[in-house]
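Working notes for the structure below.
The values are calculated or read from the model by the stated rules, or taken from the named source; none is laboratory data. None of these values were measured; they are calculated from a predicted model. Because the Cβ atoms are built from the backbone with ideal geometry, glycine has one as well, and the counts that use them run over all protein chains shown. In case anyone asks, the SASA skips ligands and DNA or RNA and just uses the protein heavy atoms, side chains included. Shrake-Rupley method; radii C 1.70, N 1.55, O 1.52, S 1.80 Å.
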Amino acid sequence: MALPVARAAVTPAARLVAQGLGRRFGPRWAVRDISLSLAAGETLGVVGADGAGKTTLLQMFAAILDPSEGACTVLGGDSRRDSKRIAVGLGYMTQGFTLYDRLTVEENLRLAATLRGVSDADYGPRRAQLLAMAGLARFTGRLSGKLSGGMRKKLSLCTNLIHAPQLLILDE
């Protein structure tokens, strides 16, 4: 069953543009005929039943899955050809936990910053701001495997925001 999404006009400032986007697995369509435009500062929510194609759609937006039909432009790049360039400006928080349980809150955050090329000069202020926002400042020495589910989600969000992405995709 395809996800219904409202159609929007394509704007020059669009961060994400999908045109006739669809993805099938074998003979079954998970998502079909999605067209939309999302500009900087806009928010899009995708709601649907289990198996409706939400994660498939978000993974196409994140240039993780190639569409079977249509086109998707993310941060000015084609999702099929420019996935590495798109990934640099993107934060993508998956449904499952992507933290390292044996690393502390601080170590997980530092690792994410290092992998994303955040300079030492930028890391300190971003770290402080994100930890304060998430209420994790006093837990930096705690192993992430010892955090509650909610605290783990907050830390995961922080690791996805540490490089100040141009586009943030949250999958549940």
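For the stretch 75-118, the set of residues classified as in contact with a Leu (Cβ under 9 Å, 6 or more places away or on another chain), surrounded by 15 or more Cβ atoms within 10 Å (Cβ to Cβ) and over 20 Å from K153 (Cα atoms) consists of L75, S79, D82, R85, I86, G89, listed by residue number.
Looking only at residues of the stretch 47-56 that are open to solvent by less than 40 Å² (accessible area, probe 1.4 Å) and assigned to a loop (DSSP other than H, G, I, E, B), we find that the one that is nearest to L90 (Cα to Cα) is G53. If we scan the stretch 20-38, do we find a residue that is under 16 Å from the mean Cα position of the chain (by Cα) and surrounded by fewer than 20 Cβ atoms within 10 Å (Cβ to Cβ)? Scanning the stretch 20-38, I find at least one residue that is under 16 Å from the mean Cα position of the chain (by Cα) and surrounded by fewer than 20 Cβ atoms within 10 Å (Cβ to Cβ), so the answer is yes. The number of residues in the stretch 129-172 that are within 28 Å of K84 (Cα to Cα) and open to solvent by 40 Å² or more (accessible area, probe 1.4 Å) comes to 10.
To keep it simple, each residue is scored yes or no on (1) of a type in the set (S, T, N, Q); (2) in contact (Cβ under 8 Å) with a residue 40 or more places away in the chain.
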site	(1), (2)
T94	yes, yes
A128	no, no
L131	no, no
R142	no, no
L147	no, yes
I162	no, yes
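Checking each residue in the stretch 78-104 for being under 20 Å from S35 (Cβ atoms) and in contact with a Ser or Thr (Cβ under 8 Å, 6 or more places away or on another chain) picks out S79, I86.
Counting the residues of the stretch 147-156 that are farther than 16 Å from L103 by Cβ and either of a type in the set (S, T, Y) or touching a strand residue (DSSP E or B) at 6+ places or on another chain (Cβ under 6 Å) (or both) gives 1.
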